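Student: Below is a structure I'd like to ask you about.
The values are calculated or read from the model by the stated rules, or taken from the named source; none is laboratory data. Not measured: the values here are computed from a predicted model. Counting neighbours? That spans all protein chains shown, and the Cβs are built from the backbone with ideal geometry, glycine included. Just the protein is used for accessible areas: all its heavy atoms, side chains included, with ligands, DNA and RNA removed. Shrake-Rupley method; radii C 1.70, N 1.55, O 1.52, S 1.80 Å.
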Amino acid sequence: MRLLLRRSAVVIGNDNGGLRMMLGFRRGMATSCRAVLLPRFGDPDVLQLRDNVSVPDLKPNQVLVRTRAVSINPLDTRMRSGYGRSIFEPLLPLILGRDISGEVAAVGSSVRSVGVGQEVFGALHPTAVRGTYTDYAILDEDELAPKPASLSHVEASAIPFAALTAWRALKSTARIKEGQRVLVVGGGGAVGFSAIQLSVAAGCHVSTTCGGESVDRILAAGAEQAVDYTTEDIEVAIKGHFDAVLDTIGVPETERVGINLLKRGGHYMTLQGEAASLADRYGLAIGLPMSTAILLKKQIQYRYSHGIEYWWTYMRADAEGLDEIRRLSEAGKLKVPVEKTFPFTQVKDAHHAKEKGKIPGKVVLELD
Ligand SMILES: NC(=O)c1ccc[n+]([C@@H]2O[C@H](COP(=O)([O-])OP(=O)(O)OC[C@H]3O[C@@H](n4cnc5c(N)ncnc54)[C@H](OP(=O)(O)O)[C@@H]3O)[C@@H](O)[C@H]2O)c1
């Protein structure tokens with residue numbers, strides 16, 4: 001990754017044409033555009049909308065996407081506040097944003113699955129430095145799929161990052177199968193709600209914990225039990241044993257309850273792995289080996305004490321998963337509700353709104 005700051009133009013990420021002029025268009029392809037930069041960590045007011053940010057040349061497997069909508073994930077607001085600083089601080093300024101829905105503006109020489117002009121949606125991996133808060137985002141071919149035709153760009157942009165995170169846990173890690181029991185801790189959020197719908201589509205029996213306002217939506221999506229964590233005792237309300245527990249909250253209490261509700265051979269998966277926070281606290285050289293040791297210790301401990309598999313799971317690009325997510329979304333079987341949209345220029349307000357909490361759906365930025 002190369003980063004170069006100039007007086008009049010900003011170059012971010014894997015640019016391999018850094019010495020060329022970066023304004024306007026070249027051979028019909030945008031060479032500069034608007035983007036929201038994160039120059040330092042802090043509150044939403046540190047975000048800067050700039051209009052002369054360079055668009056790097058594409059690598060053979062990359063796709064240039066004209067952005068129409070970007071949903072805000074908790075990772076965006078956490079990164080803005082300094083989560084992952086051990087990785088990202090040397091790379092500032094960076095562009096936030098993982099999710100995208102838009103149109104293909106150009107493709108690299110080896111790209112075959114999408115073509116110029118096609119509507120696509122997808123998500124960047126968690127450590128990408130040039131994110132999607134920009135008129136022109138760059139994603140690898142396997143991070144994109146055709147946008148479900150029945151969804152608007154706003155609706156489509158709410159889905160990929162959350163659904164791919166759920167897919168990775170349930171399909172790649174726990175390998176859930178028809179007839180199995182799945183517990184989703186935190187089914188009201190984007191990842192939890194996606195996990196419920198993916199499990200229902202796989203023919204599983206699903207229980208979940210969520211806030212009272214989410215109960216009806218979750219039961220309508222096919223969950224068999226939705227326990228309001230604000231008024232009920234989860235340990236009393238949820239009976240029996242599960243094949244897989246996806247814990248989107250991942251605090252010690254939900255981890256304890258989730259593990260105790262598993263069958264022998266079941267999988268406990270938390271989204272709150274400690275690798276980044278330990279690296280931030282102790283530096284990469286100490287924090288990463290420390291996190292590996294902690295994870296290994298927990299895996300061995302729970303294998304012996306409970307006979308279960310313990311995992312920290314992370315979002316990962318998965319072309320097959322994204323294609324299935326597209327198919328389910330097109331069929332109306334996978335939705336992530338959008339609560340509020342903001343024009344791209346009001347990105348600070350959008351981050352403030354997301355951080356107020358208690359927003360029962362996604363916040364989305366719209367680009368014209
Ligand atoms: N490891 C990874 O790669 C990865 C990827 C994506 C997300 N994440 C993390 O996973 C978490 C969820 O992400 P998201 O996109 O789904 O967030 P989100 O859409 O903002 O949802 C958060 C939801 O959590 C629910 N909640 C809060 N406390 C709860 C509790 N004690 N029990 C049950 N539910 C509770 C609330 O649901 P109600 O409205 O029903 O109260 C809230 O809507 C975030 O911390 C995010 O950073 C990690």
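Student: Set the bar at 21 Å for Cα to Cα. Now go through Lys147/Lys333; Lys177/Lys263; Lys171/Lys340 and name every pair that lies beyond it.
Tutor: Lys171/Lys340
Student: Please compute the contact order of the chain in relative form: average sequence separation of alpha-carbon pairs under 8 Å and at least six residues apart, divided by the residue count, as a percent.
Tutor: This gives 17 percent for the chain.
Student: For the range 161-312, what is the relative contact order in percent, using Cα pairs closer than 8 Å and at least 6 residues apart in sequence? Provide the component values of the computation, followed by the final result.
Tutor: Working: 281 pairs, mean separation 28.6, N = 152.
After rounding, I find 19 percent.
Student: Another one. Using 0.36 nm times the number of residues separating Met29 and Ser113, minus their current alpha carbon distance, what extension gain do you get? Walk me through the numbers before you get to the answer.
Tutor: Working: separation 84, 0.36 × 84 = 30.24 nm, distance 1.96 nm.
That pair, Met29 and Ser113, stretches by 28.3 nm at full extension.
Student: Which three extents, in whole angstrom, do the alpha-carbon atoms of the range 237-306 cover along their principal axes, largest first?
Tutor: In descending order, the Cα extents are 42, 24, 15 Å.
Student: Leaving ligands, DNA and RNA out of it, work out the accessible area of Tyr136 with a 1.4 Å probe and give it in Å² to the nearest 10.
Tutor: 30
Student: What is the distance in Å between the Cα centres of the range 82-147 and the range 247-274?
Tutor: 31
Student: Using only the alpha-carbon atoms of the range 226-368 as identical scatterers, what base-10 log of I(q)/I(0) does the Debye formula give at q = 0.14 Å⁻¹?
Tutor: Normalising to I(0) and taking log10 leaves -1.01.
Student: Now for a separate question. Using Cα springs under 10 Å in a Gaussian network model of the chain, which residue among Ile95, Ile234, Ile294 shows the largest mean-square fluctuation?
Tutor: In the Gaussian network model the winner is Ile294.
Student: Another question, if that's okay. Can you give the accessible area of Glu141 in Å² (nearest 10), computed on protein heavy atoms with a 1.4 Å probe?
Tutor: 40
Student: Amide H neighbours of Val227 under 5 Å, at least 5 residues apart or on other chains, H built in the peptide plane: list them.
Tutor: Result for Val227 returns Thr208, Thr209, Cys210.
Student: What percent does the relative contact order of the range 173-233 come to when contacts are Cα pairs within less than 8 Å and at least six residues apart?
Tutor: Values: 106 pairs, mean separation 19.6, N = 61.
Worked out over the range 173-233, it gives 32 percent.
Student: Among DSSP beta bridges lying fully in the chain, give the percent that are antiparallel, nearest 5.
Tutor: The antiparallel proportion sits near 55 percent.
Student: In the chain, if the dipole is taken from +1 on Lys/Arg beta carbons and -1 on Asp/Glu beta carbons about the Cα centre, which of Ile325, Ile100, Ser86 is farthest to the positive end?
Tutor: Ser86
Student: Semi-axes of the chain's equivalent ellipsoid from the Cα gyration tensor, sqrt of 5 times each eigenvalue, largest first, rounded to whole Å?
Tutor: So the equivalent ellipsoid measures 36, 23, 19 Å along its semi-axes.
Student: Ok, one more. Going by the alpha-carbon gyration tensor, a ≥ b ≥ c the square roots of its eigenvalues, is the range 161-312 rounded (a/c under 1.5) or, if a/c is not under 1.5, prolate (a/b greater than b/c) versus oblate?
Tutor: Note, shape of the range 161-312 comes out prolate.
Student: Counting only protein heavy atoms, what percent of the accessible surface of the range 117-242 is carbon or sulfur at a 1.4 Å probe? Before the final figure, lay out each step's value.
Tutor: Working: 2150 of 4320 Å².
So the carbon and sulfur contribution to the accessible surface is 50 percent.
Student: Under 19 Å Cα-Cα from Lys239, which aspartates and glutamates qualify once same-chain neighbours fewer than 8 residues away are excluded?
Tutor: Qualifying aspartates and glutamates at Cα under 19 Å: Glu224, Asp228, Asp247, Glu253, Glu255.
Student: Give me the 1.4 Å probe accessible area per residue for the range 161-312, excluding ligands and nucleic acids, in Å².
Tutor: Averaged over the residues of the range 161-312, the accessible area is 44 Å².
Student: Using alpha-carbon positions, what is the distance between the centroids of the range 163-188 and the range 189-241, in Å?
Tutor: The distance from the Cα centre of the range 163-188 to that of the range 189-241 comes to 12 Å.
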